[in-house]
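Okay, structure first, notes after.
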Amino acid sequence: MSDIGDRSSYRISYLDGVLEIVASSRRHESGKTRIGTLLEIYFLETNTEYFPTGSTTFRKSEQEVGGEPDESYCIGTDKEFPDLAIEVVVISGGINRLALYQQLGIQEVWFWFGDRLAIYHLRQDSDLFAATFGYENINRSKVLPALIH
């Protein structure tokens, strides 16, 4: 699995015994690049220490979970797993990204749906947010609190 994910032009995700292989479209790539560019301009303008991790395949083999966000960033310090994962949604279905990122411990997930941004932040008290795998849908980023959307 790691050999395919590290060299493939396809995005690979796996969770709970389900493997998902997706080819990116031009619309998808355009969206993720634009969001990434805007964020990197923000980081530079605000002197925010950041470490872009792109669409690296993040995995925890003991939990049999792995996935590749469209864009991802560590904020403040470089870490094993990013603080922020971004997903551009062109089609729906497949593996639940919040379930996947919850098992990887990623603090915040942003979903771009055409012209709308949805921000989900991982909470300590995950029982209150069981339907969203411990993530709360919020209006303002907790990872980048000075950023207004």
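Residues that are surrounded by 12 or more Cβ atoms within 10 Å (Cβ to Cβ) and free of Cβ contacts under 8 Å to residues at least 40 places away in the same chain were ranked within segment 40-67; the one that is nearest to LEU100 (Cα to Cα) is THR56. In the set (1) in contact with an Asp or Glu (Cβ under 8 Å, 6 or more places away or on another chain); (2) at pLDDT 90 or above; (3) buried (at least 19 other Cβ atoms within 10 Å of the Cβ), the condition left unmet by GLY76 is number (3).
Taking the residues in segment 84-95 that are out of contact with any Cys (no Cβ under 9 Å at 6 or more places or on another chain) and farther than 14 Å from VAL22 by Cα as candidates, determine which candidate is surrounded by the most Cβ atoms within 10 Å (Cβ to Cβ).
Initially, segment 84-95 is screened for residues out of contact with any Cys (no Cβ under 9 Å at 6 or more places or on another chain), giving 85-95.
Next, only the ones that are farther than 14 Å from VAL22 by Cα stay: 85-86.
Numbers: ALA85: 27, ILE86: 22.
Among those residues, the one meeting the criterion is ALA85.
Considering only residues that are among the basic types (Lys, Arg) and either outside any helix (DSSP H, G or I) or more than 16 Å from ASN137 (Cα to Cα) (or both), which ones fall in segment 77-124? Passing the criteria: LYS79, ARG116, ARG123.
Residue pairs whose Cβ atoms lie under 8 Å apart, separated by 6 or more positions or on different chains, with the first residue in segment 132-143 and in contact (Cβ under 8 Å) with a residue 12 or more places away in the chain and within 19 Å of ILE95 (Cβ to Cβ) and the second of a type outside the set (Gly, Ala, Ser) and assigned to a loop (DSSP other than H, G, I, E, B), are PHE133/ASN96; GLY134/ARG123; TYR135/ARG123. Going through (1) at pLDDT below 90; (2) in contact with a Cys (Cβ under 9 Å, 6 or more places away or on another chain) one by one, THR53 falls short only on (1). Working only within segment 9-29, note down all residues that are loosely packed, with under 12 Cβ neighbours inside 10 Å and hydroxyl-bearing (Ser, Thr, Tyr). The one that is loosely packed, with under 12 Cβ neighbours inside 10 Å and hydroxyl-bearing (Ser, Thr, Tyr): SER9.
Limited to segment 104-120, what total is found for residues that are surrounded by fewer than 18 Cβ atoms within 10 Å (Cβ to Cβ), in contact with a strand residue (DSSP E or B) (Cβ under 8 Å, 6 or more places away or on another chain) and either of a type in the set (Asp, Glu) or at negative phi (or both)?
As a first pass, look at segment 104-120 and keep what is surrounded by fewer than 18 Cβ atoms within 10 Å (Cβ to Cβ): 105, 113-118.
Filter once more, keeping what is in contact with a strand residue (DSSP E or B) (Cβ under 8 Å, 6 or more places away or on another chain): 105, 117-118.
Then keep just the ones that are either of a type in the set (Asp, Glu) or at negative phi (or both); that gives 117-118.
So the answer is 2.
The values are calculated or read from the model by the stated rules, or taken from the named source; none is laboratory data. Just so it is clear, the structure is predicted and the values come from calculations on it, not from any experiment. Cβ atoms come from the backbone with ideal geometry, glycine included; neighbour counts cover every protein chain shown.
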